[in-house]
2 protein chains.
Amino acid sequence: MSNEVEALKAQLAAIKGTPGAISPLAPTSYQTLDPVPGVTLAAGAAGVKYAGRNDVMLARVAPGASIAGVFTRSATRSAPVRWCEGALAECVGHGDGQPLVILVNSGNSNAFTGRAGDESTEALANAAAKALGTNPKRVFPASTGVIGERLPHERIVAVIDGLAASLNETAWPEAAGAIMTTDTFPKLAGARTRIDGVPVTISGFTKGSGMIAPDMATMLGYVFTDAAIAPDVLQALLNETNARSFNAITVDGDTSTSDTVLLAATGKADHALVTDAADPRIADFRAALGGVMQDLAHQIVRDGEGASKFIRIDISGAEDDRAARVIAMAIANSPLVKTAFAGEDPNWGRIVMAVGKSGEAADRDKMTIRFGDILVAEQGWVAEAYREDDGAAYMKQPELSVAVDVGIGSGASTVWTCDLTYAYVRINADYRS
Amino acid sequence: MSNEVEALKAQLAAIKGTPGAISPLAPTSYQTLDPVPGVTLAAGAAGVKYAGRNDVMLARVAPGASIAGVFTRSATRSAPVRWCEGALAECVGHGDGQPLVILVNSGNSNAFTGRAGDESTEALANAAAKALGTNPKRVFPASTGVIGERLPHERIVAVIDGLAASLNETAWPEAAGAIMTTDTFPKLAGARTRIDGVPVTISGFTKGSGMIAPDMATMLGYVFTDAAIAPDVLQALLNETNARSFNAITVDGDTSTSDTVLLAATGKADHALVTDAADPRIADFRAALGGVMQDLAHQIVRDGEGASKFIRIDISGAEDDRAARVIAMAIANSPLVKTAFAGEDPNWGRIVMAVGKSGEAADRDKMTIRFGDILVAEQGWVAEAYREDDGAAYMKQPELSVAVDVGIGSGASTVWTCDLTYAYVRINADYRS
């Protein structure tokens, strides 16, 4: 009898997942990030919503830095996103020698909170500016968490002086932890590279788990470097690396009201200022930055709500790169494709369906589909050598690759996604049983 | 101890749903359809894939009829869809006095089956044409079920003569049952109306449950009338009623490779031929046809895989009707919105998110959101009189309505959808535990 109870309990646990458990796709070790000269951080607990954990992160970037940003394009974006858009526009080219400040809370997104939301954002910017001796328009606030509830900003204001006093160069893990919401692990990535032979550091962190889709996700990302790069070049580098990282991932196709990625360059590294995005001196830096951005973006997918599979989707042979991206996203966001992956079912017919529904050109009779190295379909039908057992065995791996050539042109695109499991439904349906 | 076992079993059943059970949203009684003069039907078992049930439907429409059709726009549409597109183009205006034939199998969609797929379709059209004394190009085949497996058409060919011998005017329930795949109930709807004072009948049936999205769904729909309507007018009527029925529903945002809706008018009713879509004589007929089409479409949503809620989404105040439809579909297809409904969670913040991600214009500060008659949000924030308890109580009903005015213009659109439950994942993930 007790065996039956154990068996039923195990079945329930297998279906629901374990609330609070770390994602099975999490990295097995965390990277230790290098300090970035000119950048200090602190984290603390303001009790915005969560108890017993840090929920506020403060970062200070020394005067003279460049900053670049990309934001959600949601028509209902949050008050702090709107503030940041304005602050960024003012910052570019500013020469007032004041520090930049980033202030982030988790637990409440201050989105769709009407005029009160704008007031909260302004109060936070004012308090942070006062504590760190800068102009409120040099403060970049962000809030992430529940939508539509008033942000109790006074709780955050109350801890700002303490955070300012504890700013230091090494609080990367604490900063990454404080901005987590439904994340099951903190997400950090960094790199060392050179510009003109001078060593340069890149360190960054991000958060995100659900409501993840371009453009962009309920995600926040902060990347810092001591490179000396003019603001317009920095923005160009952010745009191009963002397109292949945070804008090439999807968990559920849902776009948040809060997405923000900031890239700050302190200019403390001892090389001549980079003023041209085509400058050959930044080839290595560009690659390293792209690597850090992609690493952070992949960690978000690996922490996708309920995810049990990390899936790379490569489209080739499309009309152009844009068409390839549309097809890739049609596959990545298809509930039928995502549930098939969850069930370890090599259901390539659903890939065909998703290509077809994308609205982009595809030649049914020239299409090929591969799972990893396995040729599954070609010339409009299942490949002669394909064995369902091979596909089923492949699907048991936690990291999967799907490649589709649609047989039209030379457009290509790569996106990353995860599967759709019972646990996704549990996490988001908040079943009241 | 046995109490614990019972409790755990009940918990498991609540999560997974009961495989094979009829949808809780199914109609409580089935409509008895009237015969349509000139139309005869038969159903039988060919053993294409399913055992112990009917899986083939044959319909004959007497010579002299008009026919109209709409099909999936998938780039990877199936062999029978391509055949039907060609047959329809030839039929319009044909005067060869031959009957029309519809032949449908379930269990195998004959999609992405390469040249073999075209050969199967042709073999079926030839066999049906021979049995019923018509041209193969007057045969409209359809196949629904698994993608990418060769259709064993010879099993269907073997039963065609028997089906032809048993054609009759009343086999509507059998016809609707034979074309079901993951459907949990047969879907029928009909109406009686008048043209020019002459009684006219409309009788139709449909199938569909998953892979349901415009344009259009893994759905097949067949509607018959004895009205006398010219082919171009019939096509216009089908297009306009389809836009507000089968093209206004979504279960999972996935579009199938097989979607087909045919509308046949036998012309047996004793009124003068309708040759103008603006003819005032067809006002009642147009409304009745629209009602039948919408009833059938709603039945598909009510049988959405794993559905526990039937949800109507009304958008108003959009830039134009097209924008309103995009916003409505963004809400209807959002996994976060759909899981919130599954959890009976009045999470209006996710509605805000979905409006924002649609890419269409919305004025955050003029937006209103209603759940049924409850005003939830206005002027960019939660409504003053709104109580979370009222929203939670409303969500417990099986039929829900969400209305959003986005505060920009006068565009409006209505779509219907269902929630996203554990059972959807069970049905589609084919968990191998």
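The values are calculated or read from the model by the stated rules, or taken from the named source; none is laboratory data. The model shown is predicted, which means the values in this text are computed figures rather than measured ones. Ideal geometry is used to build each Cβ from the backbone, glycine not excepted, and the neighbour counts take in all protein chains shown. Remember, those area values only see protein heavy atoms, side chains included, never the ligands or the DNA or RNA. Shrake-Rupley method; radii C 1.70, N 1.55, O 1.52, S 1.80 Å.
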Kindly report, to the nearest 10 Å², the accessible surface of residue A:90 as traced by a 1.4 Å probe over protein heavy atoms only. 90 Å²
How far apart are the residue B:196 label points across copies, placing each 7 Å from Cα toward Cβ, in nm, shortest first? 8.9
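In the stretch A:85-188, how does Rg compare with the Kirkwood Rh, expressed as the Rg/Rh ratio over alpha carbon atoms? Could you put the intermediate results ahead of the total?
Details: Rg = 14.1 Å, Rh = 14.6 Å.
Radius of gyration over Kirkwood radius for the stretch A:85-188 works out to 0.97.
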Net length gained if the chain between residue B:397 and residue B:85 were fully extended (0.36 nm per residue, minus Cα distance): 108.1 nm
Give me the distance in nm between label points sitting 7 Å out from Cα along the Cα-to-Cβ direction at residue B:281 and residue A:363, one decimal. 5.1 nm
Direction-averaged shadow area of the convex hull around the Cα atoms of the stretch B:39-302, nm²? 12.0 nm²
For chain B, calculate the relative contact order in percent as a whole number, restricting contacts to Cα pairs under 8 Å that are 6 or more residues apart. 17 percent
Which distances in nm, rounded to one decimal and ordered from shortest, link the label point of residue B:21 to the equivalent label points in the other identical copies, with labels set 7 Å from Cα toward Cβ? 2.6
At a 1.4 Å probe radius, carbon and sulfur cover how many percent of the accessible area of the stretch A:88-192? 50 percent
In 10 Å bins starting at 0, how do the alpha-carbon pair distances of the stretch B:224-353 split up by percent? 11, 34, 28, 18, 8, 1
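Okay, helix-only estimate at 222 nm for chain A: each DSSP H run of n ≥ 4 adds -39500 (n - 2.57), divide by all residues, round to 500 deg cm²/dmol; what do you get?
On the way: 12 runs with 146 residues, N = 433.
My calculation for chain A gives -10500 deg cm²/dmol from helical runs alone.
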Candidates B:28, B:250, B:266; GNM for chain B (alpha-carbon contacts under 10 Å) flags as most fluctuating B:28
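May I ask you to derive the FRET efficiency for residue B:243 and residue B:5 from their Cβ-Cβ distance with R0 = 41 Å, giving the value to the nearest 0.05? Walk me through the numbers before you get to the answer.
On the way: r = 52 Å, r/R0 = 1.26.
Rounded to the nearest 0.05, the efficiency is 0.20.
Length gain on complete extension for the stretch residue B:116 to residue B:321, per 0.36 nm per residue less the alpha carbon to alpha carbon distance?
Numbers: separation 205, 0.36 × 205 = 73.80 nm, distance 4.24 nm.
Between residue B:116 and residue B:321, full extension yields 69.6 nm more.
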With the 1.4 Å probe rolled over protein heavy atoms, chain B has an accessible area per residue in Å² of 35 Å²
How big is the antiparallel share of DSSP beta bridges in the stretch B:310-429, given as a percent to the nearest 5? 70 percent
Would you kindly work out, in nm and rounded to one decimal, the distances from the label point of residue B:270 to those of the same position in each other copy, ordered shortest first, with label points 7 Å along Cα-to-Cβ? 10.6
Which residues belonging to the stretch B:354-392 lose at least 50 Å² of 1.4 Å-probe accessible area when the assembly is complete, relative to their chain isolated? B:356, B:357, B:364, B:381
Comparing B:357, B:187, B:207 in a Gaussian network model of chain B (Cα, 10 Å), the one with the largest mean-square fluctuation is B:357
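In Å, what Kirkwood hydrodynamic radius results for the protein assembly as shown from the alpha-carbon pair distances?
Values: mean 1/r = 0.0346 Å⁻¹.
The Cα-based Kirkwood calculation yields 28.9 Å.
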Please work out the Cα center distance from the stretch B:29-67 to the stretch A:350-414, rounded to the nearest Å. 36 Å
Once phi is turned into θ = phi - 60°, what whole-Hz ³J(HN,Hα) does the Karplus curve with 6.51, -1.76 and 1.60 give for every residue of the stretch B:175-191, x standing for Gly and Pro? 5, 5, x, 5, 8, 5, 10, 7, 4, 9, 8, x, 10, 10, 7, x, 7
Let a ≥ b ≥ c be the square roots of the eigenvalues of the Cα gyration tensor of the stretch A:30-111; is it rounded (a/c under 1.5), or, if not, prolate (a/b larger than b/c) or oblate? oblate
Which residues belonging to the stretch A:323-344 lose at least 30 Å² of 1.4 Å-probe accessible area when the assembly is complete, relative to their chain isolated? A:335, A:336, A:339, A:343
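Given axes a ≥ b ≥ c from the Cα gyration tensor, I'd like to know whether the stretch A:310-429 is rounded (a/c under 1.5), prolate (a/b larger than b/c) or oblate.
oblate
Once you have a ≥ b ≥ c as the square roots of the Cα gyration tensor eigenvalues for the stretch A:130-247, tell me rounded if a/c is under 1.5, and otherwise prolate or oblate according to whether a/b is larger than b/c. Intermediate results must be reported in sequence, preceding the final value.
Numbers: a/c = 1.70, a/b = 1.24, b/c = 1.37.
It is oblate, given that a/c is not under 1.5 and a/b is not larger than b/c.
Over all alpha-carbon pairs in the stretch B:18-64, figure out the percentage whose distance exceeds 16 Å. All intermediate terms of the calculation are to be shown ahead of the outcome.
Details: 705 of 1081 pairs.
Here the tail beyond 16 Å accounts for 65 percent of pairs.
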With the dipole of the protein assembly as shown defined by +1 on each Lys or Arg Cβ and -1 on each Asp or Glu Cβ, the option from A:359, A:382, B:79 whose Cα lies farthest towards the positive pole is A:382
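On the accessible surface of the stretch A:310-429, probed at 1.4 Å, how many percent belong to carbon and sulfur atoms?
On the way: 1900 of 4150 Å².
Exposed carbon and sulfur together represent 46 percent of the surface.
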Among A:29, A:316, A:358, which one shows the highest mean-square fluctuation when chain A is modelled as a Gaussian network with alpha-carbon springs under 10 Å? A:29
Beta bridges per DSSP with both ends in the protein assembly as shown, % antiparallel, nearest 5: 70 percent
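Interface B/A, total buried accessible area with a 1.4 Å probe, nearest 100 Å²?
On the way: alone 18120 and 18100 Å², together 30110 Å².
Counting both chains, the buried surface is close to 6100 Å².
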State, to one decimal in nm, how far the label point of residue B:28 lies from the label point of residue B:232, with both points 7 Å from Cα in the Cβ direction. 4.8 nm
Among A:410, A:56, A:206, which residue has its Cα furthest toward the positive end of the charge dipole of chain A, with +1 on Lys/Arg Cβ and -1 on Asp/Glu Cβ? A:56
Local net charge near residue B:166, Cβ-Cβ under 14 Å (Lys/Arg +1, Asp/Glu -1): -2
Among residues of chain B, the one whose beta-carbon sits nearest the axis that rotates B onto A, given with its distance in integer Å, is B:8, 2
Cut-off under 5 Å, modelled amide H: who pairs with residue B:377 long-range: B:369, B:383
With a 1.4 Å probe on protein heavy atoms only, tell me which residues of the stretch B:107-134 lose at least 30 Å² of accessible surface in the complex relative to the chain by itself. B:112, B:114
